[in-house]
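Right, one structure below, let's go through it.
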Amino acid sequence: MQQSLSNFFKYELGFDDDEAERLIESYYQEYGLSVKGLIKNKQIDDVLQYNTFIDDSLPLQDYLKPDWKLRELLINLKKKKLGKFDKLWLFTNSYKNHAIRCVKILGIADLFDGITYCHYDRPIEEEFICKPDPKFFETAKLQSGLSSFANAWFIDDNESNVRSALSMGMGHVIHLIEDYQYESENIVTKDHKNKQQFSILKDILEIPLIMDVEVYRPSSIAIKEMEELEEEGEAVNWSNQQINVQSS
């Protein structure tokens, strides 16, 4: 994706290498998305064209594959086995096409109750909101039917988004950092202000380690069967996966 982004800035917008890299980084840091910086500075006319060039062109099937461990974890998050979550909701800075492609390839689209996404399809004159903008969090709250941020768990790998979630009063905020080095053998969940909880994890599969349940282990039999299917090249049909996409 980074290469596609760089190519768009250079070949579609005409920036040289150094300026393209500078703008990509500065816009991402300031606005949460490089495309929002382009919109704010009136450097782009068609946001959907940007999405087509960057996200829709990615050969996701080369980078992603069905994730059976993640699927089983999500299934159990909605069962009493792991404390029961009423809803699982996708909250993304991408356009709906890209987000749905990702979760379908991963084999988990049918486990989500809905999605809040960035509207790359709206006219350039309309306000473009994305994480970490508090207004986007309010949009997700409204669309998901969440009664209070205090009742929600939020998981993200972006520090700005995590800080925003904490400021909005999310009940439990998890920051995913792949190369994080734990200070001890145990994962420590820290109390934040207003009875909030804050955790840092290296992998989303570690979520059960911060819940008041026995350490979760995906079913080895189920995983083995699925991995064997994959090795044999048997296609798994995820075409029936459905996810609630709201337009508001």
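The numbers here are math on the coordinates, done by the rules we state, and not lab data. Just so it is clear, the model here is predicted, and its values are computed rather than measured. Heads up, the Cβs are rebuilt from the backbone with ideal geometry, glycines too, and the neighbour counts pull from every protein chain shown.
Just need the relative contact order of segment 49-180 here, percent rounded to a whole number, with Cα pairs under 8 Å and 6+ apart.
Relative CO of segment 49-180 lands at 18 percent.
State which entries of LYS141/LYS202; LYS40/LYS141; LYS65/LYS96; LYS40/LYS131 exceed 23 angstrom in Cα-Cα distance in the structure shown.
LYS141/LYS202; LYS40/LYS141
Sum up the charges of everything whose Cβ sits under 10 Å from the Cβ of LEU90, counting Lys and Arg as +1 and Asp and Glu as -1, but leave LEU90 out.
0
GLY114's amide H: which non-local residues (gap 5+, or another chain) put their own amide H closer than 5 Å, with H modeled 1.01 Å from N in plane and none for Pro or chain starts?
HN-HN under 5 Å from GLY114: LEU90, ASN244.
Give, as a single signed number, the net charge of other residues whose beta carbon lies under 12 Å from the beta carbon of ASP203, with Lys and Arg counted +1 and Asp and Glu -1.
Combined, the nearby Lys, Arg, Asp and Glu give -3.
Using a cut-off of 11 Å between beta-carbons, work out the net charge of the residues near LEU48 (Lys and Arg +1, Asp and Glu -1, LEU48 not included).
Around LEU48, the charge tally is -4.
Just flag the GluC sites (Glu not before Pro) in segment 104-182 sitting in loop per DSSP whose Cβ has no more than 12 other Cβ atoms within 10 Å.
GLU125, GLU126, GLU127, GLU178
What list do you get for MET211, MET1 if you sort them by fewest beta carbons within 10 Å?
Fewest-to-most Cβ neighbours within 10 Å comes out as MET1, MET211.
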